[in-house]
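Below is one structure, written out as structure tokens, with a few remarks after it.
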Amino acid sequence: MTVSNANHASTAPAFLSVWDLHAYYGESYIVQGISFNVHEGEILALLGRNGAGKTSTLRAIARMDDPQISRGEIWLDHKPLHKMASFEASQAGLGLVPEDRCIIAGLTVEENLKLAQIAPPIGWSLERVYELFPRLKERRTQEGVTLSGGEQQMLAIARALCRDIKVLLLDEPYEGLAPVIVDEIEKTLRIIKEQGITTVIVEQNAVRALELADRAVILDTGGIVFDGAASEVLENKELREEYLAI
């Protein structure tokens, strides 16, 4: 199948740009020379079957220790992320919410947030975070790891916002959550978008991700096979069946 718009490059200036990215897990060649742009305030769904390289791409953007980048460039708002360590990428405005959420045991909800918060907060004070997540305010003295799965996901997103981020990277945010909780998280992500934050979402529930996103990039065996409007994927049955199995 030939997919139009593969590796499509918009004429609009990119806010987050990935160029000719190659990355490995040990000897395994996972990300094979991909390039795509994400524009400021946009929600991009990064999709594909299991093993396509989605999480590896997300972690490479966040400059985590794995996978290892062998070649390529990653730019955020004119800053070369590919030359940075993970903590420097975080300081530059990246917030990664991993699939396991990484809530710190032994700390309350508020302590988890305060540990992440920059001092002094520029845009996301605790008051503003609690306004967005009233359920977290109700449970602010509760140990974070004792929250429900949906509440832990809210805490993980809120903790990222406390870093006053420019780009939110979400790895499988709907995993294991009931549809009603997914609805609540999607509503929150739309509000975050209205605040001007750019979002990249990796999600196995491709239909939900596409309904949320402005654009989609589909990976297949480490390469890009589609880059275009999310609505185009929803309308293209052949594309969905071949690369997303939906």
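The values are calculated or read from the model by the stated rules, or taken from the named source; none is laboratory data. Just so it is clear, the model here is predicted, and its values are computed rather than measured. Don't worry about glycine lacking a Cβ; one is built from the backbone with ideal geometry, like all the others, and counts go over all protein chains shown.
Of the residues that sit in the stretch 185-223 and are of a type in the set (A, V, I, L, M, F, W, C) and surrounded by fewer than 16 Cβ atoms within 10 Å (Cβ to Cβ), which one is farthest from Leu96 (Cα to Cα)?
Val207
Going through (1) among the hydrophobic types (A, V, I, L, M, F, W, C); (2) more than 22 Å from Ala229 (Cα to Cα); (3) crowded, with 21+ Cβ neighbours inside 10 Å one by one, Leu46 falls short only on (2).
When we screen Glu184, Glu211, Glu232 for residues that are under 26 Å from Ile34 (Cα atoms), free of Cβ contacts under 8 Å to residues at least 40 places away in the same chain, of a type outside the set (A, V, I, L, M, F, W, C) and assigned to a helix (DSSP H, G or I), the only hit is Glu211.
Listed by first and then second residue, the pairs linking a residue in the stretch 194-206 that is under 16 Å from Ala45 (Cβ atoms) and modelled with pLDDT under 95 to a residue that is surrounded by fewer than 17 Cβ atoms within 10 Å (Cβ to Cβ) and not small (Gly, Ala, Ser), with Cβ atoms under 8 Å apart and 6 or more places separating them unless they lie on different chains, are Gln204/Asn50; Gln204/Glu175. The condition of being of a type outside the set (Asp, Glu) and closer than 19 Å to Gly41 by Cβ holds for only one of Leu136, Leu126, Leu161, Leu147, that being Leu161.
Remark: pairs (first residue in the stretch 146-157, in contact (Cβ under 8 Å) with a residue 12 or more places away in the chain and of a type outside the set (Gly, Ala, Ser); second residue assigned to a loop (DSSP other than H, G, I, E, B) and crowded, with 24+ Cβ neighbours inside 10 Å; Cβ separation under 7 Å; 6+ apart in sequence or on different chains) = Gln153/Pro173. Restricting Ile165, Ile181 to those that are touching a helix residue (DSSP H, G or I) at 6+ places or on another chain (Cβ under 6 Å) and among the hydrophobic types (A, V, I, L, M, F, W, C) reduces the list to Ile181.
Candidates are the residues of the stretch 118-148 that are in a loop (DSSP other than H, G, I, E, B) and in contact with a Leu (Cβ under 7 Å, 6 or more places away or on another chain); the one that is surrounded by the most Cβ atoms within 10 Å (Cβ to Cβ) is Trp124.
Going residue by residue through the stretch 131-154, is there one that turns out to be closer than 22 Å to Val38 by Cβ and of a type in the set (Val, Ile, Thr)? So far as the stretch 131-154 goes, no, none of its residues is closer than 22 Å to Val38 by Cβ and of a type in the set (Val, Ile, Thr). Just checking, how many residues over the stretch 65-82 are under 17 Å from the mean Cα position of the chain (by Cα), closer than 13 Å to Tyr24 by Cα and surrounded by 15 or more Cβ atoms within 10 Å (Cβ to Cβ)? The number of residues fulfilling the criteria is 1. Tell me, yes or no, whether the stretch 92-110 has at least one residue that is of a type outside the set (S, T, N, Q), in contact with a Phe, Trp or Tyr (Cβ under 8 Å, 6 or more places away or on another chain) and surrounded by 13 or more Cβ atoms within 10 Å (Cβ to Cβ). Looking through the stretch 92-110, none of the residues is of a type outside the set (S, T, N, Q), in contact with a Phe, Trp or Tyr (Cβ under 8 Å, 6 or more places away or on another chain) and surrounded by 13 or more Cβ atoms within 10 Å (Cβ to Cβ).
Condition first: more than 9 Å from Leu113 (Cβ to Cβ) and either of a type in the set (Val, Ile, Thr) or in contact (Cβ under 8 Å) with a residue 24 or more places away in the chain (or both). Now tell me which residues in the stretch 128-143 satisfy that. The answer is Leu132, Phe133, Arg139, Thr141, Gln142, Glu143. Residue count for the stretch 58-106 under the criterion of being in a loop (DSSP other than H, G, I, E, B) and either in contact with an Asp or Glu (Cβ under 7 Å, 6 or more places away or on another chain) or not hydrophobic (A, V, I, L, M, F, W, C) (or both): the result is 12.
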